[in-house]
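The values are calculated or read from the model by the stated rules, or taken from the named source; none is laboratory data. Here the structure is a predicted model, which means the values were calculated and not measured. Note: ideal-geometry Cβ built from the backbone for every residue, glycine included; neighbour counts use all protein chains shown.
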Amino acid sequence: MRGTLSDRTGAALLMAPLLLFLVLAYAWPFLGVVKWSFTLPTPGLGQYHALLTDDLVQSVFIRTLRIAAIVTVVSVTAAYAITVVWVRGSPVQRVLAEFCILVPFWISVLTRAFGWVALLSNRGLINTWLQSIGFISEPLTLVRNEFGVIVGMSHFLIPFAVFPLASAMRSLDERVLLAARGLGSSRMRTFWTVFVPMTRSGIIGSALITFVFSLGFFVTPAILGGGRSVMIAELIYLRIFQSPDWGLGAAISVVLVVFVGALMALVFRYVRPKQLV
Amino acid sequence: MPTYRPGPVSLILAVLVALFLLMPLLAVIPVSLTPSRMLAMPTGELSLRHYRSLIEDPRWLDSILLSLRIGIVSSILSTALALTFSLGVWMFQPRFTAALVGFVLLPMVVPPVVSAVTLYFLLTSVSGLTSFFGYDTWLGVAMAHSVMTVPFATVLMLVSLSQLDRRIDLAARGLGATVWERATRVIMPNIKFGIVTAALLSFVLSWEEIGVTLFITSVNAITLPRLMWMGLRDNIDPAIAALSVILIIITVLVLAVRSFITRQRPAKP
């Protein structure tokens, strides 16, 4: 009896600092944001009504979903291609693949976005080169539009998409693949009918991570979109700092959290979280 | 024994992805050497003026020092909080553990922009109380960064604790060790590697944090990413290219050293 009591006090004492910290610095202010969404500028559901009727907000929501979907497909496909080599390649191929995945992963989002500006802008590497070989006379518009945003976001998210795929591919029993090849199945057929279906949980996990990350993405779209293809996160920023409309910014934040929560709950009903990581 | 290796098609596709991943990192090198004042490819002549301006312009040095200070303070705070919490979870296995851990991981799962609005709300609310803690102060930024990095530190701690043999703790307990002795003399020495990794990761995440920092700073607490952001939005300053090259070189070196160390002693995770 004495043991359980001191256990409980000990656990409480050790766990309390972090829990208290997050309640005060995260949970409580989040409720404050929720309150803003119902009270600014006037109490009521006005901001949520505006969300449903405002053309600008609607078009930003639709653009965000579209970009997130495209980025998810691009990132998961590209991640799949490089993960196959990272997990199944020869030792040298593995080291090279790991280098190409981990170096961008550890480099800050700003540096990476800047790298794309240096490549894609009017006076950037690609346009300078294409003009110098006389392939084009006017620079191509590759940045400050949706194309630039999709390229930059995919580049940022590929390493994140790699990890769930890699763990799915690692846990796959190699003998099944060898059996398929031994029974006369071609490389292509083995890949599409054995390898890919067996990594399904990795594909779902990787798609979920990529999609959820893209929905709340701020830095890359703001730099590579150049204010022309605004996504939800940038809209929240603009509503709070440029046209002070804190209520609407707060309401969009609340909707974003609810949407992401619902999406994750939906996916977790079909795939258990443990299979994802 | 035969092994299943990727075929030529897989290899070609992987090479294309690898080029895509490395391309923007390589592109900053020529830009950093341009003699021009604006973003441009160098034509003929190369110059190191943008590297020099990193040293000569006090704004860069100030923000580097500020980012270091914020990174160290927030890393200590989030490592300490994550460590005590994880010790509590591991030693006592309280009820509702899953729910509590889920709560702690929220800042990692919630879209960063929503966390940013939340922390903006917090810091503007407390700004009136004191002048050194709140919106646009370095302590406020350090605290906000801790909120964002503590879930990552907690995950690392819980993972390294899960690999620890419970019997050594049972033995210490059976021999009459107190909770404090068990924690500091039995458990912590065995998860040293996890604690150091958590502290380093927290520091790196704070060092390059921009999404939240943009919302909670304006003119005083200009961290390095914040300064880069200002140079990227309007007229693109090629000094950013020089800085990027330096950061990329540091990253590559650290990764190389790390992979060298892990190869030396493959037993440790």
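Scan the range B:39-48 and tell me whether some residue there is within 28 Å of the chain's Cα centre (by Cα), within 14 Å of chain A (Cβ to nearest Cβ) and crowded, with 20+ Cβ neighbours inside 10 Å.
no
Screening residue A:123 with (1) modelled with pLDDT under 95; (2) part of a helix (DSSP H, G or I); (3) basic (Lys, Arg); (4) out of contact with any Ser or Thr (no Cβ under 7 Å at 6 or more places or on another chain) gives one miss only, at (2). Scan the range A:53-72 residue by residue and report those that are within 27 Å of residue B:7 (Cα to Cα) and within 14 Å of chain B (Cβ to nearest Cβ). The one that is within 27 Å of residue B:7 (Cα to Cα) and within 14 Å of chain B (Cβ to nearest Cβ): A:71.
Residue-wise test of (1) hydroxyl-bearing (Ser, Thr, Tyr); (2) exposed (fewer than 15 other Cβ atoms within 10 Å of the Cβ); (3) out of contact with any helix residue (DSSP H, G or I) (no Cβ under 9 Å at 6 or more places or on another chain).
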residue	(1), (2), (3)
A:10	no, no, no
A:21	no, no, no
A:24	no, yes, no
A:32	no, no, no
A:55	no, yes, yes
A:74	no, no, no
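If you go through the range B:88-109 and pick out every residue that is facing chain A (nearest Cβ under 9 Å) and over 21 Å from the mean Cα position of the chain (by Cα), you end up with 7. If a residue has to be within 7 Å of another protein chain (Cβ to nearest Cβ) and more than 14 Å from residue B:21 (Cα to Cα) to count, how many in the range A:111-129 make the cut? So the answer is 6. Would you pick out the residues in the range A:189-203 that are at pLDDT 90 or above, crowded, with 16+ Cβ neighbours inside 10 Å and not hydrophobic (A, V, I, L, M, F, W, C)? Hits for the range A:189-203 are A:199, A:202. Taken across the range A:149-163, residues that are more than 12 Å from the chain's Cα centre (by Cα), within 20 Å of residue B:210 (Cβ to Cβ) and buried (at least 19 other Cβ atoms within 10 Å of the Cβ) do occur, with at least one present. Residue B:183 meets the conditions (1) more than 10 Å from chain A (Cβ to nearest Cβ); (2) at pLDDT 90 or above; (3) over 18 Å from the mean Cα position of the chain (by Cα) in every case but one. The failed one is (1).
Go through the range B:62-79 and give me each residue that's surrounded by 18 or more Cβ atoms within 10 Å (Cβ to Cβ) and at pLDDT 95 or above. Across the range B:62-79, the qualifying residues are B:66, B:67, B:70, B:71, B:73, B:74, B:75, B:77, B:78, B:79.
Only a single criterion out of (1) within 8 Å of chain B (Cβ to nearest Cβ); (2) touching a residue at least 24 places away in the same chain (Cβ under 8 Å); (3) surrounded by fewer than 19 Cβ atoms within 10 Å (Cβ to Cβ) is not satisfied by residue A:96, namely (2).
If we scan the range B:120-133, do we find a residue that is closer than 20 Å to residue B:201 by Cβ and either among the β-branched types (Val, Ile, Thr) or assigned by TED's automatic domain parsing to the domain that holds residue B:196 (or both)? Checked the range B:120-133: no residue is closer than 20 Å to residue B:201 by Cβ and either among the β-branched types (Val, Ile, Thr) or assigned by TED's automatic domain parsing to the domain that holds residue B:196 (or both).
Looking across A:60, A:74, A:84, one residue alone is closer than 29 Å to residue A:165 by Cα, assigned to a helix (DSSP H, G or I), touching a residue at least 60 places away in the same chain (Cβ under 8 Å) and more than 17 Å from the chain's Cα centre (by Cα). It is A:84.
Put simply, of B:215, B:193 the only residue that is within 12 Å of chain A (Cβ to nearest Cβ) and under 20 Å from the mean Cα position of the chain (by Cα) is B:215. The set of residues in the range A:76-92 that are crowded, with 19+ Cβ neighbours inside 10 Å and farther than 20 Å from residue A:154 by Cβ comprises A:87, A:88, A:89. Being assigned to a helix (DSSP H, G or I) and under 21 Å from the mean Cα position of the chain (by Cα) is a property that residue A:168 has. The set of residues from the range B:187-224 being in contact with an Asp or Glu (Cβ under 6 Å, 6 or more places away or on another chain) and not hydrophobic (A, V, I, L, M, F, W, C) comprises B:217, B:218, B:220.
Name the residue that is modelled with the highest pLDDT, counting only residues in the range B:213-269 that are in contact with a Gly (Cβ under 8 Å, 6 or more places away or on another chain) and within 17 Å of residue B:71 (Cβ to Cβ).
Going through the qualifying residues, I end up with B:216.
Scanning the range B:102-144 for residues that are assigned to a loop (DSSP other than H, G, I, E, B), without any contact (Cβ under 8 Å) to a residue 40 or more places away in the chain and surrounded by 15 or more Cβ atoms within 10 Å (Cβ to Cβ) turns up B:110, B:111, B:133, B:134. Examine the range A:25-41 for a residue that is in a loop (DSSP other than H, G, I, E, B), over 18 Å from the mean Cα position of the chain (by Cα) and in contact (Cβ under 8 Å) with a residue 60 or more places away in the chain, and state whether such a residue exists. For the range A:25-41, residues in a loop (DSSP other than H, G, I, E, B), over 18 Å from the mean Cα position of the chain (by Cα) and in contact (Cβ under 8 Å) with a residue 60 or more places away in the chain: present.
The set of residues from the range B:221-241 being aliphatic (A, V, I, L, M) and either within 21 Å of residue B:205 (Cβ to Cβ) or more than 10 Å from chain A (Cβ to nearest Cβ) (or both) comprises B:221, B:222, B:224, B:227, B:228, B:230, B:232, B:239, B:240.
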